[in-house]
Amino acid sequence: MTQPLDAAVRHLVRDDAGQVAATAADLILDGLDGSSTLGLATGSSPLGAYDEIVRRVRSGAAPARVARRGYLLDEYLGLPAGDRNTYASVIRREVADALGLDVRGPDGRAADPDAEAARYGREVVEASVAVQVLGIGRNGHLGFNEPGSPLDSRTRVVRLTETTRRDNARFFDSAADVPTHAITQGLTTIMRARRLVLIALGERKADAVHAALHGPVDPACPASIIQRHPEAYVVTDRGAAGG
Ligand code: GLP
């Protein structure tokens, strides 16, 4: 992949989470119309932006139909059907139901997860995602592309690192309940979205944000690949910007 000449991540630093949400909502809505597709990330970081979009739709400040369909960035493998922690459930509950958005994602209970990952990867590429919302892991992961993920990785089954499992344990009854594997859009899949909007909040993300923006583009920090995207935005508060 050659780096486009105009590639430069726009880093927008805001004073608080409310302003981060407003700026991210502007960037997301600006990249969509009712016929486009929206890539949706889980995690706490995008929640404010999702709430802001719902608020604008309800008040008439944004069109009632913000997108044609939503696509999940990743999904746990092996959770019981309908479990509240599947990313399909989380995204419906947090944003898609309120927007009346149909959501597609990989089937985390597929008998052949590798085949399901390949199938979903093709579906996402065919859907041409207009805006992909992203968070970032403390270890620089993007979706569930953990450190070490090849920069040319496709949508696939991955094993979660212990850091990620620990970070996500707060949503489960016990740490042991956090799945060990997931299907994630690959880094090349994510890079095909027309616009990326990565949201990060708080000092605990500062090192990962710094590495993603200013470090080498390297599998050690999968999020660093966004430096090669022609239209990538990173919206953070001062804490995640390093003060
Ligand atoms: C999970 C998701 C990632 C997300 C990360 C950060 O691991 N798979 O896509 O970026 O959480 O979550 P938070 O925003 O809650 O810190």
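Observations, loosely collected:
- Spherically averaged projected area of the chain from its Cα convex hull (nm²): 12.1 nm²
- Within the accessible area of the stretch 2-237, the carbon and sulfur atoms contribute 48%, probe 1.4 Å, all protein chains present.
- For Leu12, residues with placed amide H under 5 Å, excluding near neighbours: Val234, Val235, Thr236
- Rounded to 5, percent antiparallel among DSSP beta bridges of the stretch 155-243: 50 percent
- Taking amide H positions as modeled 1.01 Å from N, with prolines and chain starts lacking one, the residues under 5 Å from Arg69 and 5 or more places away or on another chain are Leu38.
- Extension gain (nm, one decimal) between Val13 and Asp152, 0.36 nm per residue minus Cα-Cα: 47.1 nm
- Charge tally for Leu151 (other residues, Cβ to Cβ under 10 Å; Lys, Arg +1; Asp, Glu -1): -1.
- Looking at the stretch 2-237, the accessible area is 44 square angstrom per residue; that uses a 1.4 Å probe and ignores ligands, DNA and RNA.
- Gyration tensor verdict on the stretch 124-243 (Cα atoms; rounded if a/c is under 1.5, prolate if a/b is larger than b/c, oblate otherwise): oblate
- Neighbour-limited loop hits for GluC sites (Glu not before Pro), the stretch 135-243 (at most 14 other Cβ within 10 Å; DSSP other than H, G, I, E, B): none
- For Gly78, nonlocal amide neighbours, meaning residues 5 or more places apart or on other chains whose placed amide H falls under 5 Å from its own, are Arg109.
- Near Ala127: Cβ cut-off under 14 Å, other residues only, Lys/Arg at +1 and Asp/Glu at -1. The net charge is +4.
- The magnitude of the dipole of the chain, with charges of +1 and -1 set on the Cβ of Lys/Arg and Asp/Glu and taken from the Cα centre, is near 280 debye.
- ³J(HN,Hα), Karplus 6.51/-1.76/1.60, whole Hz, each residue of the stretch 75-82, x for Gly, Pro: 7, 5, 9, x, 6, x, 4, x
The values are calculated or read from the model by the stated rules, or taken from the named source; none is laboratory data. A quick note: this is a predicted structure, and the numbers were derived from the prediction, not measured. Counting neighbours? That spans all protein chains shown, and the Cβs are built from the backbone with ideal geometry, glycine included. With ligands, DNA and RNA removed, areas are computed over all heavy atoms of the protein, side chains included. Shrake-Rupley method; radii C 1.70, N 1.55, O 1.52, S 1.80 Å.
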